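Asker: Structure below; questions to follow.
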Amino acid sequence: MTDALLQVSDLTITVPAGEYGADRRPVVSGVNLQIGAGEALGLVGESGSGKSMTARAVMRLFAPGVQATGTVVFDGCEVFAMEDEQLRLLRAHRIAMIFQDPRAHINPVRTVGAFLIEGLCASGVSTRDAERRVTSLLAEVGISDGSRRMAQLPHELSGGLLQRVMIASAVAMDPDLLLADEPTTALDVTTQSEVMAILAQLRTERGLALLFITHDLELAAATCDSTAVMYAGSIVERQSSRQLLTHPYHPYSSGLMVSRPDLDVVRQRLPVIEGQPIAAFEAGEGCAFAPRCGYSQPACLATTPALVAVQGGEVACHRASELQGQLPTAMEGGGDV
Amino acid sequence: MSEPLLKVDDLRKVFPGRRGHDDVVAVDGVSFELAPGESLAIVGESGSGKTTIARMLVGLERPTSGSIAMGGAILDVSSRRAKDRRARARRLQMVFQDPYSSLDRLQTVEQILSDALSLDPDAVRESRAEQVRILLTSVGLHERHSRMRPGGLSGGQRQRVAIARALAVKPDVVVLDEAVAALDVSIQAQVLNLLKEIRETTGTAYLFISHDLAVVNQVSDRCVVMRQGRVVEQGTTAEVLHHPQDSYTQQLRDAVPRPGWSPTRSAEAPR
Amino acid sequence: MSGVATSMDQSSSDRPPRRAPWWRRVGIAPLCAIVILAVMILAAVFAPLVAPYNPNSPDLLAALQGPSAAHPLGTDALGRDTLSRLIYGGRTTLLGPIVVILLSTVLGLLLGVAAAWRGGSIDTVISRIVDVLFSIPGIVFALVTVAILGAGLGSVVIGLTIAYTPYAARVIRGGALRERRMPYISAAWIQGRSGSTIARRHLVPNIRPLILAQAVAALGFAVIDLASMSFLGLGVQPPTPDWGLMVKSGLDSAVRGQPTEVIVASVAIALFVGAVTVLGDRLSTGVNK
Ligand SMILES: Nc1ncnc2c1ncn2[C@@H]1O[C@H](COP(=O)(O)OP(=O)(O)OP(=O)(O)O)[C@@H](O)[C@H]1O
Ligand SMILES: Nc1ncnc2c1ncn2[C@@H]1O[C@H](COP(=O)(O)OP(=O)(O)O)[C@@H](O)[C@H]1O
Ligand code: SF4
Ligand SMILES: [Mg+2]
Ligand SMILES: [Mg+2]
C-alpha cells in the first residue's frame, strides 16, 4: 500500500505534562490513516479527541513543546524527516489547510484581495495575473462579485463568505491535499451545505484529496468516501462511509450517529452517550470508551482493544463481532419513537 | 384559546447604516404568540434577525416599532432602570449561544448562581448554598462544580451553568439563542434532553432560536420560519417540516445532513 | 523507519499550551526587571539601614572624589556620599511618580469606565476633554501648576496627575468598551444588576490586567518627567536627595572633572525606566493573549 497519497503510520503525539520536568502525556496515540489521490476521508470525534493534532501533524505544524513520533509519508516523502526548505514547499504547494474560525487566520487590517494574491505573488506570478486567477477562483467558490469583495476587509464579510475566501486561498496554489479542520462548525446548516458542496465540486474538478474533520458523523459520512472515528486519541473505527451508516461496528460510532436529532422522528429522549469525552492521557486501563459504553463488560477493562481488520474496514472493540448488526443506526432510529 | 403568555406584535428593528451604507432592517414586522408552557422555535439562516428579536425581548435592544406584551400587559421594553429590568428578569430569561463568553470567567459557579438567585426578593439567604446545590442537580451537575470557575468546565457543563442561571428565579419564559449550536453533537443531545426534561417538570415556556430544523423538531411544538427579517411561514413543527409552504423552508430542511444526503448549492449569491 | 518531529513552528495552536514553570512563563528580561525594581524600592524604603552615610552631611575635605573603599560611588561637590544620596534619592524620585500613577489610574478608571458604560453624550463629553488634554505635553501641566502653586514636589505631582489621567482614561475606556460587548455583561444586565454593580463586580475585575499594564507603562514616563522637573529646579528642592537633582549637580561636577555622580544618577534613572518598560511590555502581551 505504498501508492497512497498520504500515509500516516503509528502517529503518536505528546505534550508536556503539567508545569515542568520531562513528563509527557499523549494526546494522539498510534494513529494510522491513509488517503489516496483524490479521495476524501472524514475524521470524526468529540472535542479533545485529537483530530486537529492529527491534521497538524500531516503538515508538521506543532505548537512549541509538542512532539510527534511515527511516520507521515506524503507522496513518497517523509514529512518528519524533511529539511526546512522542503517543508516550506510542501506547505506552500502540496498541502493546504482551512480552519473552523477563518477570522483567526486572516490579517484583519489587510484587504481580502491582498490576502488572496500574496501566496501567488510569492511564487513569482505577476500581480495582474494573480488578481485574474483569484477572481476566477472566487467565482468557483460562489463569489461572483469577486473584484468588489477583494477590496473589502475581512470584518465586512460574513462567516460563510470568509470561509469561502479561505477555501479559495487554500486551493489557489493547486494543492493535492486539503486538510479541513471543522470548516463548517461555526456556520449555519444552510451555509454548511453550500461550503460542503463547494468542497465536493473542487474535489471532482481538481482531483483534490480531502481530510475532513468534524464532530458530526452524519456530515462526514454524507460527504466523504470513507470515515474514521476517533476517541481519546485513537482511531476506533474506519469504514467506507456508506457502510458505516448502515453497519457500524463500534458502539461509539453508533452512539454518535443516533444522538443527532432527526428531521422526521421526534424522540421522547435522544439516545445520548453519557458523560464527557476524554483526552488520550485520561484513558484508563482497557478500552478507553468503557466508562461511557452501554455494552461494556468486565473483559473490556482488562485489555485495550486493538484496531483489527473486519469486513469492509477496521474496528477496535472487543465485542465488535458479537455486536455486529445489533448496534442502532441513524437509518432506523435509535430509541423509542 | 387561552391568553398568550408572550405576544409580539409587528416588531421592527432598523439599525442605522454605518458611513456610506444603507440602514439595516434586521427585523421587519414580526408577530407571534407564545402560550404558557409552550416551546416555540424561531428558525432561519444566520443574519435573518433571530438574535435581534431575542435581544429586544430581554431589553438589550430597543425596538424601532411594535410591541411586546407579557401576560396581557405591554412590557415597557425601553426602560433601562435596574428595578424594571429586575421585574422583567423574574419572568423572562435568556441563554446565549457561546457558553465560553456568557459566563464571567472570574466568578465561581456558586457566585454566578447565587447572583441569579438574589433576584428573588423573598429568597432566604441562609439556604443559598442549598438552593445552588438544588439548581446544579437540576441541570445534571454536581455540588463539587460549585467551587469551579468556567475555565475548568467543559463546553457542555458551562452551558448547563448558563441554563441553571436562567432557571434560578423560575421564569415563565426562557429565550434560548442558538443555545446548543456551539456544542458537539453528542453533548448537544444531552443538553436537548435536559431542556425537554426541565420543560416537562417546571412548565417553563421556551423561545428556542436555531438554524437547524432537526434540532427544532426535537424540542419545539411550533415554529416560526424567518428570512431576512420577515416571517415566511409559521405553524406546528410537524406541519412546517412535513408540508413546508415556502421554498425557503424546504431549503432549510434540505440543508440538514442525514444518511443519503448530499450538499447542495443555492442559485443565489451568498451574503 | 520512524522520524521524530519536535516543535518546529511558532504557529498558533487552537489551545494555549500547557503551563510552563512560572519563571519560564515570565521570561528572563522581565525577571531581571523585577529584581532591579525590587532592589531599588527596598533600598529606598530601608534607606536608613542600608545607606553608609547621612546623605546630607557635607565633608568638604572629601569633595569630588571618585569611587573608593570609603565611598563606593564617590562624593559630590559638597563631599556628600553619592551612594547614600542615591539610596535616599530613590525615595523622592520613585515616590512622586508612584503617587502620580496611583492618582491618575484611579481618575482614569472612573472616567474611562463611565464613558464606556454610559456611552452617548457622557462618552462624547469625556472623550472630547480627554482628547484635548491628551494633545498637550504632560510637562506643560506641571509647569502651569508650578507657576500657580510654586516649585516643589507637591505641585509637580498635581500637574503630572492631571497630565497622566487622560492617558489612563483613554486606554481603560478602550478596554472597557471591548469588554462591555461580551455576553456575560449582557447577561448581568438582563439580570437587572445596576450599572455600577456590573462595573464593579464584572467589568473592572476583567480588565484589571489592562489597567495594571497601562499603569506600569506610564510609570516609566512619570519618572522621567519628575526627574526633568527636578533637574530644571522646579520639582524637588535641594538639599533633599533626588536623582534628577543629582544629574543637575553631577553635571557641574563633571565639568570640574568628576563625572561619577552624573553617571550614577543617569544610570539609576535609565535602569528604573528600562525595567519598568520591560515589565509593562510583558504585562500588556499577557493582556493581549
Ligand atoms: N499545544 C498543546 N499543548 C498541550 N496540549 C494540547 C495542545 N494542543 C492540544 N492539546 C490537547 O490535546 C488534545 C487533543 O487536541 P485536539 O485539538 O487535537 O482535539 P480536537 O479533536 O481537534 O478537538 P476539537 O473538536 O475541540 O477541535 C486535547 O486534550 C488538548 O487539550
Ligand atoms: N448592532 C447592530 N448594528 C448593525 N446591524 C446589526 C446589529 N445587530 C445585528 N445587525 C444586523 O441585523 C441582521 C440580523 O442579525 P441577527 O439578528 O444577529 O441575525 P441571526 O441571529 O438570525 O443570525 C444582520 O444583517 C445583522 O448584520
Ligand atoms: S471494547 Fe467493550 S467497552 Fe470498549 S467499545 Fe467495545 S464493548 Fe464498549
Ligand atoms: Mg480541533
Ligand atoms: Mg444569531
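Matching residues to (1) open to solvent by 10 Å² or more (accessible area, probe 1.4 Å); (2) assigned to a helix (DSSP H, G or I); (3) of a type in the set (Phe, Trp, Tyr); (4) touching a Ser or Thr at 6+ places or on another chain (Cβ under 8 Å):
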site	(1), (2), (3), (4)
C:169	no, yes, no, no
C:175	no, yes, no, no
C:192	no, no, no, no
C:216	yes, yes, no, no
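Asker: Ok, one more. Among the residues of region B:52-64, which ones are open to solvent by less than 50 Å² (accessible area, probe 1.4 Å) and either outside any loop (DSSP other than H, G, I, E, B) or within 16 Å of ligand 3 (Cβ to nearest atom) (or both)?
Answerer: Selection gives B:52, B:53, B:54, B:56, B:57.
Asker: Mind counting the residues in region C:231-280 that are touching a helix residue (DSSP H, G or I) at 6+ places or on another chain (Cβ under 8 Å) and under 30 Å from residue C:172 (Cβ atoms)?
Answerer: Total meeting the criteria: 16.
Asker: Out of A:60, A:103, A:110, I need the residue that is within 28 Å of residue C:24 (Cα to Cα) and touching a helix residue (DSSP H, G or I) at 6+ places or on another chain (Cβ under 9 Å). Which one?
Answerer: A:60
Asker: Another question about this same structure. Condition first: under 22 Å from the mean Cα position of the chain (by Cα) and aliphatic (A, V, I, L, M). Now tell me which residues in region B:92-123 satisfy that.
Answerer: B:92, B:94, B:95, B:103, B:109, B:112, B:113, B:116, B:117, B:119
Asker: Going by the conditions given, is residue B:165 modelled with pLDDT of 95 or more and part of a helix (DSSP H, G or I)?
Answerer: Judged against the criteria, residue B:165 is a match.
Asker: Residues being open to solvent by 80 Å² or more (accessible area, probe 1.4 Å) and either near ligand 3 (Cβ under 8 Å from one of its atoms) or assigned to a loop (DSSP other than H, G, I, E, B) (or both): count how many of those fall in region A:305-317.
Answerer: 1
Asker: Inside region A:6-50, can you point out the residues that are open to solvent by 10 Å² or more (accessible area, probe 1.4 Å) and closer than 24 Å to residue A:89 by Cα?
Answerer: Hits for region A:6-50 are A:7, A:9, A:34, A:36, A:37, A:38, A:39.
Asker: Taking the condition of being surrounded by 13 or more Cβ atoms within 10 Å (Cβ to Cβ) and assigned to a helix (DSSP H, G or I), how many residues in region C:43-75 meet it?
Answerer: Result for region C:43-75: 6.
Asker: Give A:313, A:325 a once-over and let me know the one that is touching an Asp or Glu at 6+ places or on another chain (Cβ under 9 Å), away from chain B (no Cβ under 14 Å) and more than 16 Å from residue A:29 (Cβ to Cβ).
Answerer: A:313
Asker: Which condition number does residue B:106 fail, the rest of (1) surrounded by fewer than 16 Cβ atoms within 10 Å (Cβ to Cβ); (2) touching a Pro at 6+ places or on another chain (Cβ under 6 Å); (3) over 21 Å from residue C:180 (Cα atoms) being met?
Answerer: (3)
Asker: If you don't mind, there's one more thing I want to ask. How about region B:67-157: which helices (runs of 4 or more DSSP H) wholly inside it have at least 2 residues that are within 11 Å of chain C (Cβ to nearest Cβ) and in contact with a His (Cβ under 9 Å, 6 or more places away or on another chain)?
Answerer: Those helices (runs of 4 or more DSSP H) do not exist here; none qualify.
Asker: Anything in region B:32-85 that is β-branched (Val, Ile, Thr) and away from ligand 2 (no atom under 15 Å from the Cβ)? List them, or say none.
Answerer: Selection gives B:68, B:74, B:77.
Asker: Then there is this: Only one residue in C:31, C:73, C:61, C:42 is more than 19 Å from residue C:273 (Cβ to Cβ), hydrophobic (A, V, I, L, M, F, W, C) and free of Cβ contacts under 8 Å to residues at least 40 places away in the same chain, so which one is that?
Answerer: Only one candidate qualifies: C:61.
Yes or no, residue by residue, for (1) surrounded by fewer than 20 Cβ atoms within 10 Å (Cβ to Cβ); (2) of a type in the set (Lys, Arg):
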residue	(1), (2)
A:132	yes, yes
A:143	no, no
A:155	yes, no
A:158	yes, no
A:166	no, no
A:169	no, no
A:174	yes, no
A:178	no, no
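Asker: Residues of region B:159-186 being touching a Pro at 6+ places or on another chain (Cβ under 8 Å), open to solvent by 10 Å² or more (accessible area, probe 1.4 Å) and either more than 16 Å from ligand 5 (Cβ to nearest atom) or away from chain A (no Cβ under 14 Å) (or both), which ones?
Answerer: B:172, B:184
Asker: Shifting gears a bit: Being within 14 Å of chain A (Cβ to nearest Cβ) and more than 16 Å from ligand 4 (Cβ to nearest atom) narrows it down to one of B:14, B:24, so name that one.
Answerer: B:24
Asker: Next question, about the same structure. What about residue B:31, is it open to solvent by 10 Å² or more (accessible area, probe 1.4 Å), away from ligand 3 (no atom under 16 Å from the Cβ) and either within 18 Å of residue B:88 (Cβ to Cβ) or among the hydroxyl-bearing types (Ser, Thr, Tyr) (or both)?
Answerer: Yes: the conditions hold for residue B:31.
Asker: Outside any loop (DSSP other than H, G, I, E, B) and over 17 Å from the mean Cα position of the chain (by Cα): does that describe residue A:327?
Answerer: Taking the combined requirement at face value, the residue does not satisfy it.
Each row is one residue, and each column tells you yes or no for (1) at pLDDT 95 or above; (2) in contact with a strand residue (DSSP E or B) (Cβ under 8 Å, 6 or more places away or on another chain); (3) basic (Lys, Arg).
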| residue | (1), (2), (3) |
| --- | --- |
| A:192 | no, no, no |
| A:203 | no, yes, yes |
| A:210 | yes, yes, no |
| A:222 | no, no, no |
| A:251 | yes, no, no |
| A:261 | no, no, no |
| A:271 | no, no, no |
| A:276 | no, no, no |
| A:281 | no, yes, no |
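Asker: Take residue C:223 and decide whether it is of a type in the set (A, V, I, L, M) and in a loop (DSSP other than H, G, I, E, B).
Answerer: Here the answer is no, as residue C:223 does not meet what is asked.
Asker: Among the residues of region A:115-124 satisfying the criterion of being touching a residue at least 24 places away in the same chain (Cβ under 8 Å) and exposed (fewer than 14 other Cβ atoms within 10 Å of the Cβ), which is farthest from residue A:159 (Cα to Cα)?
Answerer: A:123
Asker: Continuing with the same structure: Would you mind telling me which numbered condition in (1) at pLDDT 95 or above; (2) part of a loop (DSSP other than H, G, I, E, B) residue B:21 fails?
Answerer: All conditions are met except number (1).
Asker: Shifting gears a bit: I'm checking my understanding of the structure. Among residues of region A:82-104 that are facing chain C (nearest Cβ under 10 Å) and open to solvent by 60 Å² or more (accessible area, probe 1.4 Å), which one is farthest from residue A:160 (Cα to Cα)?
Answerer: Selected residue: A:84.
Asker: Find all pairs meeting these conditions: Cβ atoms under 6 angstrom apart; at least six residues apart or on different chains; first residue within region B:32-53 and closer than 14 Å to residue B:179 by Cα; second residue within 6 Å of ligand 2 (Cβ to nearest atom).
Answerer: Listed pairs, sorted by first residue: B:42/B:50; B:50/B:44.
Asker: Which of the residues that make up region B:2-55 are away from ligand 5 (no atom under 16 Å from the Cβ) and among the basic types (Lys, Arg)?
Answerer: Listed by number, the residues that qualify are B:7, B:12, B:18, B:19.
Asker: Being over 16 Å from the mean Cα position of the chain (by Cα), under 30 Å from residue A:161 (Cβ atoms), within 14 Å of chain A (Cβ to nearest Cβ) and more than 16 Å from ligand 3 (Cβ to nearest atom): is that true of residue B:49 here?
Answerer: Against the criterion (over 16 Å from the mean Cα position of the chain (by Cα), under 30 Å from residue A:161 (Cβ atoms), within 14 Å of chain A (Cβ to nearest Cβ) and more than 16 Å from ligand 3 (Cβ to nearest atom)), residue B:49 does not qualify.
The values are calculated or read from the model by the stated rules, or taken from the named source; none is laboratory data. What you see is a predicted model; the values in this text were computed from it and never measured. Ideal geometry is used to build each Cβ from the backbone, glycine not excepted, and the neighbour counts take in all protein chains shown. With ligands, DNA and RNA removed, areas are computed over all heavy atoms of the protein, side chains included. Shrake-Rupley method; radii C 1.70, N 1.55, O 1.52, S 1.80 Å.
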